[in-house]
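Each remark here refers to the structure printed beneath this line.
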Amino acid sequence: MKTINDVTCCVVDSGLFLPMALRMAESCKRVLYWSPDCRGFPSLRQGAIGDGFENVERVSEFWGELNDIDLFCFPDIGQSELQLHLEGMGKAVWGSRGGD
């Protein structure tokens, strides 16, 4: 098991829990922030959440980084199928899973 300062974490959030990503960045080696926008008309405002912070990397998709990500954090409800899929792939997942 890796120590927290050697972990790459991906925080999956709709915009309410950016402070969690910033806090994780204080301890983790690397923090990615993915805010999926699945609406028919994505907005620039939604796409800017998490951008511009020194220790957090906003990503438009995380799949290209999948092999480097050690931990996925889903601080809000939702995305249960994705959480279960990632867990099935052997990834560490912190989230509500089917609790949404």
task = Could you please find all residues in the range 76-100 being closer than 19 Å to L18 by Cβ and modelled with pLDDT under 95?
result = D76, I77, G78, Q79, S96
inquiry  = Pull out all pairs, ordered by first then second residue, where Cβ-Cβ is under 6 Å, the residues are six or more apart or on different chains, the first lies in the range 2-18 and is closer than 17 Å to C28 by Cα, and the second is assigned to a loop (DSSP other than H, G, I, E, B) and of a type in the set (G, A, S).
reply    = I4/S27; L18/G50
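The values are calculated or read from the model by the stated rules, or taken from the named source; none is laboratory data. Predicted model, so just to flag it, every value in this text is computed and none were measured. Neighbour counts run over all protein chains shown; Cβ positions are idealised from the backbone, glycine included.
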